[in-house]
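Undergrad: Have a look at the structure that comes next, please.
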Amino acid sequence: MRGVFFGTSAFAVPALRAFAAAATCTLVVTQPARPAGRGKRLAETPVAVAAAELGLPVYAPERLRGEAALRLAAERADVFALASYGKLVPQAVLDLPPLGAINVHPSALPRYRGATPLQAQIRDGVREGAVTIIAMDAGLDTGDIVERAPLAIGERETYGELHDRAAALGAELLGRACRALATGTATRTPQRQFGTDAEADATMTRPLQKTDLLLTPGGSARELVDFVRSLAPAPGARLALPAVLPADRMLKVSAVHALTKADGPAVDPRALLAPGYHGTAFASGTILIAARDGWVVVDRLTPPDRREMSARDYGGALSAAAVEAGFVSAEELGAERLTGPEPFSAALRAWAATVPT
């Protein structure tokens, strides 16, 4: 069985390897190289790199029309396989292979269609997900289900961890689907047998925007923890600390936990709280985020233009710098808001740049 593989991100690399083992892969289609990193040098996609390692030809058109469509037709493929390609594929291209085009999608379709299903499931506190192989049609992730397997989501699992497990499971299912197509034993089940249009509409996802990364105090502790997990390790939740950083500079938060008695009596923000306070606080070197049912402790963070570090190290360095400069006494370090104009806040802002990397 001859086939063409379409993919771009690291999620698609295990699927590419599985497809190459299950079919004769004549071409790998990926997105063009883009500027990346601080040097903005052109970087090939993870799929392009993996294809080169496998000795497979790579094609990276900007769009799948005109010359690109003719090139794909010339491949005379029996099947197309897609995983995290990142571009819409015209119906005329999907119609080229006689066995159709199949796609790896990491959710229990029809729930969580769209571009960011893994992040959305973690953010929403989903515990039982799935990975699905669908026969592609003209809609967005609406095709019939060819293969499907459950995927439990751990209570503390991050996006990065779930991403890797979902990619591995997707590769396994893609190989199984290809073998079924080759032998004529593949089945197709409409998505409506697994969920309603209302469920699909309520869970539709889209590409992340900068505003989607903002960690806003005031939700439940569970919601705040899940939000951070859904963006860790990258792109990372963003937390504003008005007392420490300018408005256009934020901390990237990669790990948090709900405040418990195990954190000790020193980390007790209640003394500085007015009822209904929503914001961030600083207690004994610990950065805290107000939740509507408690507090969330920041564990790991990345200050602007610096490397990731322990939040306690960051808070401790700020405290030490403020005391050493005489802005505040050690006795006054018990608990302070990080949102107001208090003298301690001014000290933090003045000395934030001295925190060691």
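Undergrad: May I have the pair-distance distribution P(r) for segment 2-202, computed from all Cα-Cα distances with 10 Å bins from 0 and rounded to whole percent?
TA: Bin by bin from 0 Å, the calculated values are 9, 36, 37, 16, 2.
Undergrad: Three principal axis extents, largest first, for the C-alpha atoms of segment 123-206, in Å?
TA: 41, 29, 20
Undergrad: If you don't mind, there's one more thing I want to ask. So the label point goes 7 Å from the Cα of T183 along Cα→C-beta, right? Which residues of segment 120-143 then have their backbone N under 14 Å from it?
TA: Once the point is set 7 Å along Cα→Cβ of T183, nothing inside segment 120-143 turns out to lie under 14 Å by backbone N.
Undergrad: So, one more: What full-extension length gain, to one decimal in nm, is calculated for R292 and A33 as 0.36 nm per residue of separation minus the Cα-Cα distance? Don't skip to the end; give the middle numbers.
TA: Numbers: separation 259, 0.36 × 259 = 93.24 nm, distance 4.48 nm.
Contour length minus Cα-Cα distance gives 88.8 nm.
Undergrad: Can you work out the FRET efficiency for the pair R307 and K261, with r the C-beta to C-beta distance and R0 = 41 Å, to the nearest 0.05? Before the final figure, lay out each step's value.
TA: Numbers: r = 32 Å, r/R0 = 0.77.
Computed FRET efficiency for R307 and K261 comes out at 0.85.
Undergrad: Next question, about the same structure. Taking H placed 1.01 Å from N in the peptide plane, check which residues at least 5 places from I153 or on another chain put their amide H under 5 Å from its amide H.
TA: Answer set, sorted by chain and number: E128, G129.
Undergrad: Let me ask another. Normalized C-alpha radius of gyration of segment 143-252, against 2.2 N^0.38 Å?
TA: On the way: Rg = 19.2 Å, N = 110, 2.2 N^0.38 = 13.1 Å.
The reported ratio for this selection is 1.46.
Undergrad: From Cα pairs below 8 angstrom and at least 6 apart in sequence, can you work out the relative contact order of segment 65-217, rounded to a whole percent? Mind showing how you got there, number by number?
TA: Values: 229 pairs, mean separation 36.8, N = 153.
Here the relative contact order equals 24 percent.
Undergrad: Here's something else I'd like to know. Would you kindly state how much longer the chain becomes between L70 and D137 on full extension, computed as 0.36 nm times their sequence separation minus their alpha carbon distance, in nm to one decimal?
TA: Details: separation 67, 0.36 × 67 = 24.12 nm, distance 2.00 nm.
Gain in length upon complete extension: 22.1 nm.
Undergrad: Right, next: Name the aspartates and glutamates eligible as straight-distance cross-link partners of K252: C-alpha to C-alpha under 17 Å, and not fewer than 8 places from it in the same chain.
TA: Candidates past the 8-residue exclusion: D212, D226, D299, D305, E308, D313.
Undergrad: Could you grab the relative contact order for segment 1-133? Cα pairs under 8 Å, six or more apart, rounded to a whole percent. Walk me through the numbers on the way to the answer.
TA: Details: 223 pairs, mean separation 33.2, N = 133.
Normalised by residue count, the contact order of segment 1-133 is 25 percent.
Undergrad: Using θ = phi - 60° and the Karplus relation 6.51 cos²θ - 1.76 cosθ + 1.60, list the HN-Hα couplings for segment 122-135 in order, rounded to whole Hz, with x at every Gly or Pro.
TA: 5, 4, 7, x, 5, 10, 10, x, 6, 10, 10, 9, 10, 7
Undergrad: What is the dipole size for segment 159-216, taken about its Cα centre, with +1 at each Lys and Arg Cβ and -1 at each Asp and Glu Cβ, in debye to the nearest 20?
TA: Details: 7 positive and 7 negative charges, 56 e Å.
It works out to roughly 260 debye.
Bear in mind that the values in this text are calculations on the coordinates, not laboratory data. Being a predicted model, the structure only gives us computed values, none of them experimental. Cβ atoms come from the backbone with ideal geometry, glycine included; neighbour counts cover every protein chain shown.
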